[in-house]
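What follows is a set of notes on a single structure, which appears directly below.
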Amino acid sequence: MSVIFETERLTLRNWKKEDTIPFIEMCADPDVMKYISTLHTPEETRITIRRIRDHFRKYGFGLYALEKKDSKTFIGFTGFMIPNFEHYFTPCIEIGWRIKTTEWNKGYATEAALACLNYGFKKFSFKKVHSFTSIHNKASERVMQKIGLKNIGSFIHPMLPPDHFLSEHVLYCTEKNEFY
Ligand SMILES: CC(C)(COP(=O)(O)OP(=O)(O)OC[C@H]1O[C@@H](n2cnc3c(N)ncnc32)[C@H](O)[C@@H]1OP(=O)(O)O)[C@@H](O)C(=O)NCCC(=O)NCCS
């Protein structure tokens, strides 16, 4: 197991092949995918994992697999990505998260994201980190607020039709000097 770093309750590590089945289950869970996209088939989730690995190879950072220290179980991801669309705030570093439903509301996304911010600002010298989500995704927006990001506006996601249920997004940001 290739550990990136640890928090009180979590190990943030590189992905391993045993994560594939639980991640396929997560990405086929309507509650998990409600504000992201349609449910993913197993093949689509395998493609997502390949994209996550490619992102690490290209940039050196990415979406870290989360493992609970007590049970050694995979519960999702938290980490960084470079959004693949153009807008006034891109290119940028985005922080994001996805946790399996049985582990929601236990503070895991917040714990992992705070540690990621600390790691990203120190190790990769990020100047700013953004996060965004559908205006309906209150849990994700709450995580942004809890880790100290500031709301800097909203936008219509350019990859979605303007009248799509998920098109309107809140946009949050933090800068290195605000974080320390
Ligand atoms: C968003 C997500 C990662 C949060 O993970 P988590 O580990 O449950 O997050 P935390 O426990 O650290 O914090 C969740 C916060 O949201 C709050 N919350 C949860 N549901 C909420 C809702 N419907 N409305 C308002 N707040 C809500 C919780 O009460 C908690 O805040 P609090 O500590 O102030 O009480 C998780 O819900 C998830 O995986 N969702 C599906 C995937 C997703 O949408 N990812 C983001 C895409 S942009």
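The values are calculated or read from the model by the stated rules, or taken from the named source; none is laboratory data. Because the structure is predicted, anything quoted here is derived from the model rather than measured. So basically every Cβ, Gly included, is an ideal-geometry build from the backbone, and we count neighbours across all protein chains shown.
Tally time: how many residues in segment 126-144 are within 11 Å of the ligand (Cβ to nearest atom) and either charged (D, E, K, R) or in contact with a helix residue (DSSP H, G or I) (Cβ under 7 Å, 6 or more places away or on another chain) (or both)?
Number of matching residues: 6.
Taking only segment 29-85 into account, find how many residues are in a helix (DSSP H, G or I), farther than 24 Å from MET144 by Cβ and either without any contact (Cβ under 8 Å) to a residue 24 or more places away in the chain or among the basic types (Lys, Arg) (or both).
The initial filter retains those residues of segment 29-85 that are in a helix (DSSP H, G or I), namely 30-33, 42-59.
Still in the running and farther than 24 Å from MET144 by Cβ: 42-47, 49-50, 53-54, 57-58.
If we keep only those that are either without any contact (Cβ under 8 Å) to a residue 24 or more places away in the chain or among the basic types (Lys, Arg) (or both) as well, we get 42-44, 46-47, 50, 53-54, 57-58.
Summing the residues that are in a helix (DSSP H, G or I), farther than 24 Å from MET144 by Cβ and either without any contact (Cβ under 8 Å) to a residue 24 or more places away in the chain or among the basic types (Lys, Arg) (or both) in segment 29-85 gives 10.
Pairs under 6 Å by beta carbon, first residue assigned to a strand (DSSP E or B) and modelled with pLDDT of 95 or more in segment 122-135, partner polar (S, T, N, Q) and within 11 Å of the ligand (Cβ to nearest atom), six or more apart or different chains?
THR133/SER140
Would you check which residues across segment 86-97 are charged (D, E, K, R) and either closer than 15 Å to ARG13 by Cα or in a loop (DSSP other than H, G, I, E, B) (or both) and list them?
Correct list: GLU86 only.
Would it be correct to say that ILE82 is among the hydrophobic types (A, V, I, L, M, F, W, C), on the phi < 0 side of the Ramachandran plot, touching a Phe, Trp or Tyr at 6+ places or on another chain (Cβ under 7 Å) and surrounded by fewer than 17 Cβ atoms within 10 Å (Cβ to Cβ)?
On the way: among the hydrophobic types (A, V, I, L, M, F, W, C): yes; on the phi < 0 side of the Ramachandran plot: yes; touching a Phe, Trp or Tyr at 6+ places or on another chain (Cβ under 7 Å): yes; surrounded by fewer than 17 Cβ atoms within 10 Å (Cβ to Cβ): yes.
When the stated conditions are applied, ILE82 passes them.
Out of segment 102-117, which residues are in contact (Cβ under 8 Å) with a residue 24 or more places away in the chain and within 15 Å of the chain's Cα centre (by Cα)?
Across segment 102-117, the qualifying residues are TRP104, TYR108, ALA109, THR110, GLU111, ALA112, ALA113, LEU114, ALA115, CYS116, LEU117.
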